[in-house]
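The values are calculated or read from the model by the stated rules, or taken from the named source; none is laboratory data. In this text, all values refer to a predicted model and were calculated from it rather than measured experimentally. With ideal geometry, Cβ positions are generated from the backbone for all residues, glycine too; neighbour counts draw on all protein chains shown. In case anyone asks, the SASA skips ligands and DNA or RNA and just uses the protein heavy atoms, side chains included. Shrake-Rupley method; radii C 1.70, N 1.55, O 1.52, S 1.80 Å.
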Amino acid sequence: MSLAALARALRLSVGELHALAERADQSYRTVKPEPGSTRQTFDALGQLKTVHRRIKEVVFVNVYFPEYLQGSLKGRDYVTNALLHTNKQLLVCEDVKKFFPSVTAALVEDVWHGFFRFAPEVAKLLTRLTTKSGHLPQGAITSSYIANLVMWRHEPLLQAKFAARGITYSRYVDDMAMSWSCHVDKETQTWVIAQVYGMLAQHGLKAGRAKHEVFSASEPMIATKLIVNRKPSLSAKKRSQVRSQVYQLERAEEDGTETMSVDALAIKASQRVGQLGRFHVTQAAHLRERVKAVRSRLSVEANAAISMPTETPTTPSPEDLSDAPAPWE
């Protein structure tokens, strides 16, 4: 692909693309992190976001992503990732330390030039358009696709090597999991972990050793925050948190909390109950009815407030004024 062909595909001139690349680093806004999260995420702005969307439509939708890649792809998520590791005897989980900030512009350029085989000048321009300050910005439309491809030179070989030994491998963005249908010795586990660490090192990445976890079937086995011993499910703690969210919603309504605040709590509770319903249908059904009841009462109150007639002030007649007491009386 030439620069002219890229420009046509992205519906801008070559000059416009270069100008956009020059100001790309300043074309992001910082997204407020979720409570308890330390991840720094960004949202591309204006024309850059439009170009990211077009890159997705003309490039990434045509890529075949193997099943072991489960992050941020259509039809795949943390649940489908967990499904790959159900009913296993042993599970090892690893996490890439500061994954997105550690993915350098050089690694991104290797995706554009090495994987897609775009001309060097095209790869360099696309790299400038899809990185921020020399790194992969988490949250941008194109970043999740690049993240899946960044280890393209070695990850397929690693997965094939593991599969030949009966090991199921998957990666959900920066979470890697390896599982066995039978028990294996410590030596085999150590070999697997060394293979993963070696692959990361080849890309200038490191494992978050504090998040290294090994689970056996005799205990809750957790992959992408779901218990996978038999089928993906939420932990007892997370189920309790959902019940607590619904209870807090009901208490807020009973205490006469401002309607807008209660409505915001209802939205959050509804989302949490919806997540619970993916794994625990019966438990979620009861909680869903409780949330529905609160939202129904909120709706009734809102409609009543809208339809409530307002008194129109009337001008007093002279007779009324004559009977009225003087201000000083």
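Restricting to DSSP H runs of at least four residues, report the calculated mean residue ellipticity at 222 nm for the chain, -39500 (n - 2.57) per run over all residues, nearest 500 deg cm²/dmol.
Values: 14 runs with 162 residues, N = 329.
When only DSSP H runs of four or more count, the value is -15000 deg cm²/dmol.
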Let me cross-check Glu187: its accessible surface, 1.4 Å probe, with only protein heavy atoms counted, in Å² to the nearest 10? 140
Computed from these coordinates, which is mean projected area of the Cα convex hull in nm²: (1) 16.7; (2) 17.9; (3) 27.8? (3)
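Per residue, how much accessible area does region 64-164 have with a 1.4 Å probe, in Å²?
Values: 4050 Å² over 101 residues.
For region 64-164, the per-residue accessible area is 40 Å².
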Computed P(r) (all Cα pairs; region 148-272; 10 Å bins; percent): 10, 31, 23, 16, 13, 6, 0
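Quick one: length gained pulling Gln202 to Arg153 fully straight, 0.36 nm per residue minus the C-alpha distance?
Working: separation 49, 0.36 × 49 = 17.64 nm, distance 0.95 nm.
Residue separation times 0.36 nm, minus the Cα-Cα distance, leaves 16.7 nm.
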Once you place label points 7 Å from the Cα toward the Cβ at Glu289 and Asp77, how far apart are they in nm? 2.6
Calculate the FRET efficiency for Glu67 and Glu22 from the Cβ-Cβ distance with a Förster distance of 51 Å, rounded to the nearest 0.05. 0.85
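Please sort by residue number the trypsin sites (Lys or Arg not before Pro) in region 33-79 whose DSSP state is loop and whose Cβ has at most 14 other Cβ atoms within 10 Å.
Working: sites: Arg39, Lys49, Arg53, Arg54, Lys56, Lys74, Arg76; in loops: Arg39, Lys74.
Here the trypsin sites (Lys or Arg not before Pro) that fit, given the DSSP loop and packing criteria, are Arg39, Lys74.
Ranked highest first by the average count of other Cβ atoms within 10 Å around their residues, in what order do 190-199, 223-232 fall?
Working: 190-199: 15.5, 223-232: 19.1.
For the peptides 190-199, 223-232, the packing ranking is 223-232, 190-199.
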Calculated on alpha-carbon atoms, Rg and Dmax of region 37-82 in Å: 13.6, 37
Rounded to the nearest 10 degrees, what's the angle between the helix 259-277 long axis and the longest principal axis of the chain, both from Cα atoms, 0 to 90? 40
What distance in nm lies between label points placed 7 Å from Cα along the C-beta direction at Gln271 and Arg8? 4.3
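Let me have the relative contact order for the chain, percent, based on Cα pairs under 8 Å that are six or more residues apart.
Details: 399 pairs, mean separation 61.6, N = 329.
Here the relative contact order equals 19 percent.
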Starting from region 8-108, pick out the chymotrypsin sites (Phe, Trp or Tyr not before Pro) whose DSSP state is loop and whose Cβ has at most 13 other Cβ atoms within 10 Å. Tyr64
How about Lys206: which lysines have a C-alpha closer than 18 Å to its C-alpha, ignoring those fewer than 8 places off in the same chain? Lys97, Lys98
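Once Rh for region 1-116 is found with the Kirkwood sum over Cα pairs, what is the Stokes-Einstein diffusion coefficient at 25 °C and 0.890 mPa s, in µm²/s? Mind showing how you got there, number by number?
Details: Rh = 17.4 Å.
The diffusion coefficient I find is 141 µm²/s.
Calculate, for Lys49 and Thr259, the FRET efficiency according to 1/(1 + (r/R0)^6) with r their C-beta to C-beta distance and R0 45 Å; round to the nearest 0.05.
On the way: r = 34 Å, r/R0 = 0.76.
So, using R0 = 45 Å, E works out to roughly 0.85.
If I compute solvent accessible area with a 1.4 Å probe over the protein chains, what percent of it on the chain is carbon and sulfur? Write out the running numbers ahead of the final one.
Values: 9970 of 18530 Å².
Within the chain, the accessible surface is 54 percent carbon and sulfur.
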For region 253-276 and region 190-236, compute the distance between their C-alpha centroids and round to whole Å. 34
